[in-house]
Amino acid sequence: MGIPYSREINAAFEQVTPLVAAAYEVLSTIKNIAILLAAIQILTVVLLTLILVSLLGLLYTLNPDLETERKQLVTPVMRWLAGWIYEFGETGKWFLRGLLGLVLAGSGIFLWQGSLAGSRAPGAIREGEEDERSDEKRDKPEQSDKASSGSPDRH
């Protein structure tokens with residue numbers, strides 16, 4: 001009585017094992033997406049802060065009632081920024097050119113990989129390759145269940 005049940009358990013494990021592997025891949029993908037979303041949120045906060053500071057500077061610059069605040073806040077910051085640009089402008093220019101080249105190369109690779117998406121199913125067999133499971137099936141002859149062949153089960 002134990003043998004048919006153990007066969008059923010083994011068959012169940014053989015069915016569940018690919019599902020567990022697929023679930024692990026899904027969890028890994030979800031983890032990567034969560035990390036990407038966190039990075040995007042941090043970048044969004046930084047950009048929104050820079051926009052707020054820029055708008056405040058613009059407000060101080062254009063409002064004639066805030067002349068003293070402009071002289072105390074905006075003018076020193078603009079002088080520092082202009083001095084920094086004059087000092088590191090050439091290095092910054094080459095850095096930005098290199099960054100632009102890397103972004104363009106990364107975008108090209110991303111688009112190339114995206115154009116290949118869907119051309120083959122993840123578990124599909126390529127031409128010329130054979131599935132390992134099909135080799136095992138050919139090597140093993142089909143086993144018939146003794147319980148279904150009419151032999152009585154003795155306890």
Discussion item. If I filter region 4-18 for residues that are at pLDDT 90 or above, farther than 24 Å from V77 by Cα and small (G, A, S), do I get at least one hit?
Written reply: no
Practice prompt. Write out, first by first residue and then by second, each pair whose Cβ atoms fall under 9 Å of each other, whose residues are 6+ apart or on separate chains, and whose first residue, in region 102-124, is outside the structural domain of L19 (by TED's automatic domain parsing) while the second is at pLDDT below 85 and of a type in the set (D, E).
Written response: P122/E25
Worksheet item: Only one of (1) modelled with pLDDT of 85 or more; (2) in contact with a Gly (Cβ under 8 Å, 6 or more places away or on another chain) is not met by V45, so which one is it?
Response: (2)
Practice prompt. Could you tell me whether T68 is at negative phi and surrounded by fewer than 10 Cβ atoms within 10 Å (Cβ to Cβ)?
Written response: yes
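The values are calculated or read from the model by the stated rules, or taken from the named source; none is laboratory data. What you see is a predicted model, and the numbers here were worked out from it, not measured in a lab. Neighbour counts run over all protein chains shown; Cβ positions are idealised from the backbone, glycine included.
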